[in-house]
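The values are calculated or read from the model by the stated rules, or taken from the named source; none is laboratory data. Given the structure is predicted, the values throughout are model-derived calculations rather than measurements. Every residue, glycine among them, receives a Cβ derived from its backbone with ideal geometry; neighbour counts consider all protein chains shown.
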Amino acid sequence: MDMRQLVGDNVRRARIAKGWTQEQLAAASGFSQQYLSGLESGRRNPTIVTIYEVAMALGVSYLELLTPAQPS
């Protein structure tokens, strides 16, 4: 799987689990809603610092954003 898509899917999953919109995540993380939209869709290539900051805003480990989802 493409790493950009993996991170984007995990950010989206964590954001939805928290019950947040992209706008709410933008306010908490300091990244724009447009950037987060691109991140979630796999169009952005985030740095490890970006991944860490988004994870902190979501209250999850940065490793959670880098790990493939377990099949259910």
Looking at (1) out of contact with any Gly (no Cβ under 9 Å at 6 or more places or on another chain); (2) assigned to a helix (DSSP H, G or I), which one does P71 not meet, given that it meets all the others? (2)
Identity of the residue in segment 43-71, of a type in the set (A, V, I, L, M, F, W, C) and surrounded by fewer than 18 Cβ atoms within 10 Å (Cβ to Cβ), that ends up farthest from A28 (Cα to Cα): A69
Give me the pairs, please: first residue somewhere in segment 54-72 and over 14 Å from I16 (Cβ atoms) and at pLDDT below 95, second residue anywhere and of a type outside the set (V, I, T) and exposed (fewer than 13 other Cβ atoms within 10 Å of the Cβ), beta-carbon distance under 8 Å, and either six or more positions apart or on two chains. P68/M1
Scanning segment 1-42 for residues that are surrounded by fewer than 19 Cβ atoms within 10 Å (Cβ to Cβ), hydrophobic (A, V, I, L, M, F, W, C) and in a helix (DSSP H, G or I) gives M3, L6, I16, A17, A26, A27, A28
For segment 39-53, which residues satisfy the criterion of being closer than 17 Å to W20 by Cα and of a type outside the set (S, T, Y)? L39, E40, E53
